[in-house]
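The structure under discussion appears below in the form of structure tokens.
Here, each number is a calculation from the coordinates, and none is a lab measurement. Keep in mind that this is a model prediction, so the values were computed, not measured. Cβ coordinates were reconstructed from backbone atoms using ideal geometry, including for glycine residues, and neighbour counts include every protein chain displayed.
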Amino acid sequence: MSTQQILDPTISSLSTQATKPASVAGGPLRVESLDGLRVGVLENTKRNAAEILDALADGLGERFDLGQVVRRTKRQFAMPFSDEQLQDLRDEVDVLVIGVGDCGSCSAAAVADGIALEANGIPAAVICTDAFEGNSRAMAKLKGAPDFDFIVTSHPVANLDDQGVRERGRALVDDVVGRIVASAAAGAAR
Amino acid sequence: MTAPAPTGGPAAIEVADDAQSGSSELDPAAARAVAEHLFDRGWTDGLPTLPATEDEVERFLAHTDRDPDEILARLPQLDKQATVRDITVHAIMAGCRPEYLPVVLTAWEALSADRTAIGGAWQSTSGPSPVVIVNGPIRQRLELNSAGGIFGPGFRPNATIPRAIGLTVRNSLGVVPHELEQATQGVPGRWAQCFGEAEERSPWESFATELGLDEGADAVSVILARTSEFVDNRHFNDPIEVLRDFADSMQRTGPWIFPTSACLLVLNPDHARVLAEAGWSKQDVREWLVEHAGKTEAQLAAVGKALSRGDQRFDDDHFHPVFAEPTPEHLPIVVGGSPNAAISMVVRVFSRWPGKAFRIH
């Protein structure tokens, strides 16, 4: 009988396969307040994503004296940030809200983006729908940040009407504040 | 490519020899134990796979002149990649013969040139299937089916080559169902679609030649598919009726989600012959279908897929063509299957494909 070892197909023959994950040190990043900060909202071209983030930004604006709302679009929703996109965000925003991950590839990419942002010192609130919680978590593990705290909203969002979009955006304000503001309760009291 | 030696039986795994009688005896218990081991590790697609060993990898690699460490598959969003050697492991596990390896490797070369495959395809809710199309004399050398039953089972290269792709996606790229793979239902026949063009029965130049390769080149093209629909049209009186029937399937709203899409038309040789005898070139067929396949804004609105959005508004009777342009990128046409009935297949392409054939070496 042969005693040859059966190869493990999940291990690449290439030693460089073991790339170092962009691990996030400690817990999620927080800011004391959004007052005066440049708040980025990044929509990924998925239907209703931009509209929900606009409503969310309006809600944040009512609660804080935002320095600026910086709107960005990620056209290649299935892909993580390019170096240029990451640099642009590092230059232009103090915190970022990313959404809405409502498909297999875009939710995973959104989580990867959030982890990359926080590894660069920028607090990131990532919004995914509950249908994609599993693969969002799988991506977080893959990126070396298994406990990365993303926001889960109910699926679907693509067929919400105008009022539904506004309500959903408003409903996410508390979640986003809770995720990136250290003293969330203080913000809520304003 | 190194000339393939006849390689029927398992070479690297020794079988128990009965020295007295001179006969060989395979060990079914060992085969089952190995299969169960591979299942238990989570490395299979749900069917039994074969074990890959260093010796077996070397035996397969003798059939390609590619560098074993060349990276041929990658998924940048997951920081994952697969080398020629890694893909070879999966060709073995999928049940390929060693001489199929160059086709598997070229299929990966083609997929790596496809933005959709490099992007979100493997994680997509659509669960697309690669359709591997082979041209050239390699079809005969490998006994790869291009005649009757091209979408069905029964032919080892047709079944195992696409399976090797699926196993690579699972194990090397880490896209495992219910984890990073999120197909809502997935395409029937996923990891099972591979056929040769029926070049000998095609009235037109081969698919690979149309895409720029020399006549007679061994070549692979890969197209990601969202759905397939069978068009049974054997009672027509005029070829134009057949074209109308194809257009009817191409303009189905079911898979319609982007403003325009692309379709692969797999013409059976009889439909191709009738069209050619009526004086239609492949490009004539393509242009007719591009012009005629589509829906109005009202028809799309009736199924909740109106294209009026934001500042862009369309009248109810505005005609939205299925295809953006009459090119092989938007409407690839391949001849395949048996001429025994006038039955063709419309395959809806997932997003875009690059419109390229790749030479096998």
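Observations on the model:
- Simple point charges give the picture: +1 on the Cβ of Lys and Arg, -1 on the Cβ of Asp and Glu, and for chain B a dipole about the Cα centre of about 740 debye.
- Bridging of B:LYS305 to aspartates and glutamates at a Cα separation below 19 Å is possible for A:GLU51, A:ASP102, A:ASP161, A:ASP162, B:ASP248, B:GLU297, B:ASP315, B:ASP316, B:ASP317, once same-chain residues fewer than 8 apart are set aside.
- Dividing the alpha-carbon radius of gyration of chain B by the rule-of-thumb value 2.2 N^0.38 Å gives 1.07.
- GluC sites (Glu not before Pro) restricted to DSSP loop in the stretch B:210-283 with at most 14 other C-beta within 10 Å: B:GLU215
- Potential lengthening between A:ASP58 and A:ASP130 on full extension [0.36 nm per residue; Cα-Cα distance subtracted]: 23.6 nm
- Relative protection proxy for B:260-271, B:26-37, from highest mean packing down: B:260-271, B:26-37 (other beta-carbon atoms within 10 angstrom).
- Treating r as the C-beta distance of B:GLN312 and B:GLU205 and R0 as 41 Å, the FRET efficiency rounds to 0.55.
- Selection from B:PRO203, B:GLY304, B:ILE133 lying farthest towards where the dipole of chain B points positive, charges on Cβ: B:GLY304
- Rounded to the nearest 20 debye, dipole of the stretch B:233-361 from Cβ charges on Lys, Arg, Asp, Glu: 640
- Taken over the stretch B:267-361, the percentage of Cα pairs per 10 Å bin, counting from 0 up to the bin with the maximum distance, is 14, 33, 32, 17, 4, 0.
- Normalised Debye scattering of the stretch A:38-180 at q = 0.10, 0.17, 0.19 Å⁻¹ gives log10 I(q)/I(0) of -0.27, -0.85, -1.08, counting only Cα atoms as equal scatterers and leaving out solvent.
- Considering only B:GLN77, B:GLN193, B:GLN182, the Gaussian network model of chain B with Cα springs below 10 Å gives its largest mean-square fluctuation to B:GLN77.
- Averaged over the residues of peptide B:193-200, the number of Cβ atoms from other protein chains lying within 10 Å of each residue's Cβ is 0.
- In the distance distribution for the protein assembly as shown, Cα-Cα pairs more than 36 Å apart total 43 percent.
- Simple Cβ-charge dipole of chain A, Lys/Arg +1 and Asp/Glu -1, about Cα centre, in debye nearest 20: 360
- Bridgeable lysines around B:LYS356 (alpha carbons under 28 Å apart, same-chain partners fewer than 8 residues away excluded): A:LYS74, B:LYS80, B:LYS282.
- Shielding of peptide B:168-175 by partners, expressed as the average count of other chain Cβ atoms within 10 Å per residue Cβ, is 3.
- Pairwise centroid distance, computed over Cα atoms, of the stretch B:126-184 with the stretch A:56-79, Å: 43
- Based on the reciprocal of the average 1/r between different C-alpha atoms, the Kirkwood radius for the stretch B:132-232 equals 15.0 Å.
- Scattering curve values for the stretch A:120-190, log₁₀ I(q)/I(0), Debye with Cα scatterers, q = 0.12, 0.16 Å⁻¹: -0.40, -0.68
- Added length on full extension, which subtracts the Cα-Cα distance from 0.36 nm per residue, B:THR296 to B:PHE236: 18.9 nm
- Of A:ALA55, A:GLN5, A:LEU172, farthest towards positive along the dipole that unit charges on Lys, Arg, Asp, Glu beta carbons give chain A: A:GLN5
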